[in-house]
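A.B. asks: Pasting in a structure now, in structure tokens, and then I'll have a few things to ask.
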Amino acid sequence: MPLETIDYLHPNAAQDFTRSLRETGFGVLKNHPIPAERLQSIYANWQAFFDSEDKHNYRFNPGPQDGFFPADVSETAKGHKLKDLKEYYHIYPWGQIPDQLRQEILEYYADANALAAELLDWVQEHSPIEIKTEFSQPLSQMIANSEQTLLRVLHYPPLTGEEPEGALRAAAHEDINLLTVLPAASETGLQVLDKNQKWLDVPCDFGNLIINTGDMLQEASGHYFPSTTHRVVNPSGEAAKHSRISMPLFLHPRPDVVLSERYTAYSYLQERLRELGVI
Ligand SMILES: O=C(O)CCC(=O)C(=O)O
Ligand SMILES: [Fe+2]
């Protein structure tokens, strides 16, 4: 079953969106409040940044993890051996951000956070009573004033043909956080693993917002909302010559937020980062 696209303005949007997250771990929204022209401008400005040598002046700070991550230190997904074919920039409002990109990206950060809070209210309202009574606080409260929420601007460079055999733009993985807000990328490639272990293309009409459940919402909901495996496959033909820009916002609860009997957001994140070998 292909993923449905939900109209944010439709009277049943909240219900349909919550059902989609429950069934697939993903929800795709159209007619949402973030204009496509804004996304286009952000993508163009960050493409120029990734194309410049200036990016090396913003190399990430190893502890706090803000800044630019070049391809040679890029992630290796859990259970995989090959690095993803990507470079990226981690934006936190308290972190380093190039001056010429700062205002536009922080405005987006704030607006996407506000939209995420609204979507979490939708999920809260339409979760079954036995699920929502287990939440230690309303879902949208969990992310309020969080300094952990991470906006990652990703650049997948054009393919050269020299890539290691089997390496992907982003190998199959699940997101660690509560919820991810991901505007459709500048190019295709995002796929989600369905219940029958078949890879489905995520509808990527430019301007759509793709939302997916992360492991923390899966944990907090006793696995009612699945954190679904996804990946970004390599393009072929003419598209292989194109860069791909994407921009997931990873909503993270404040560290002290209780997710379940076993975990706070802090202890959960530490366990996952240790598994990944990041810490
Ligand atoms: O680039 C994309 O479309 C998805 C990226 C992603 O899944 C991630 O960085 O966790
Ligand atoms: Fe992801």
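What follows draws every value from the coordinates through simple rules; no lab data is involved. Please read these numbers as outputs of a predicted model, since none were measured by experiment. Using ideal geometry, Cβ is built from the backbone for each residue, glycine included, and neighbour counts are taken over all protein chains shown.
A.B. asks: Within segment 169-188, count every residue that is under 17 Å from E238 (Cα atoms) and more than 12 Å from ligand 2 (Cβ to nearest atom).
C.D. replies: 3
A.B. asks: Follow-up. Mind listing just one residue for me: the one in segment 205-220 that is crowded, with 18+ Cβ neighbours inside 10 Å and of a type in the set (A, V, I, L, M, F, W, C) and, of those, nearest to ligand 2 (Cβ to nearest atom)?
C.D. replies: I210
A.B. asks: Considering each residue of segment 204-258, count those that are away from ligand 1 (no atom under 12 Å from the Cβ) and more than 26 Å from Q47 (Cβ to Cβ), and give that number.
C.D. replies: 19
A.B. asks: So, one more: For segment 77-96, which residues satisfy the criterion of being surrounded by 20 or more Cβ atoms within 10 Å (Cβ to Cβ) and either charged (D, E, K, R) or in a loop (DSSP other than H, G, I, E, B) (or both)?
C.D. replies: Result: D84, L85, K86.
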